[in-house]
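All of the numbers you see were taken from the coordinates with simple rules; none came from a lab. This structure is a prediction, so every number in the text was calculated from the model and none was measured. Cβ sites come from the backbone with ideal geometry, for glycine too, and all protein chains shown count toward neighbours.
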C-alpha cells in the first residue's frame, strides 16, 4: 500500500499517494524525468486525477505523484479540531520530503 507515515506527537497520520510508475511507488520513478506533484481539489481525493495520470502527454514526460489530504480518500488519521489548510500544506511538504528526497 503506497502511503507515508508522518510523525505526530499525539496522533497517527498515514498519507496515501498514487504515482504513474510501473510498481505504483516512487522507487520505480525514472530518475531522468522531472517529478510533478498534482494536487486534488478540496473535498475530493486523488482518484479524481485518474484522467491526468492516464494522459500519455504527461505520463511519457514526467514522473507524476498525487497525495491525498489527511482527511480525504484512503489517508488515515484521527479527526482533530486543529486541522486546516496549513496542516494540509505541512503534510504535503513532509510527505514530499519523506518520499521524494533521497
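Quick one: angle between helix 85-100 and the longest Cα principal axis of the chain, in degrees between 0 and 90, rounded to 10, please.
50 degrees
Could you state the principal axis extents of the C-alpha atoms in the chain, from the largest down, to the nearest angstrom?
So the three principal-axis extents are 41, 29, 22 Å.
Label residue 61 and residue 83 with points 7 Å out from Cα along Cα→Cβ: what is the distance between them in nm?
3.6 nm
What is the distance, in nm, between label points placed 7 Å from the Cα along the Cα-to-Cβ direction at residue 35 and at residue 8?
Roughly 2.2 nm, to one decimal.
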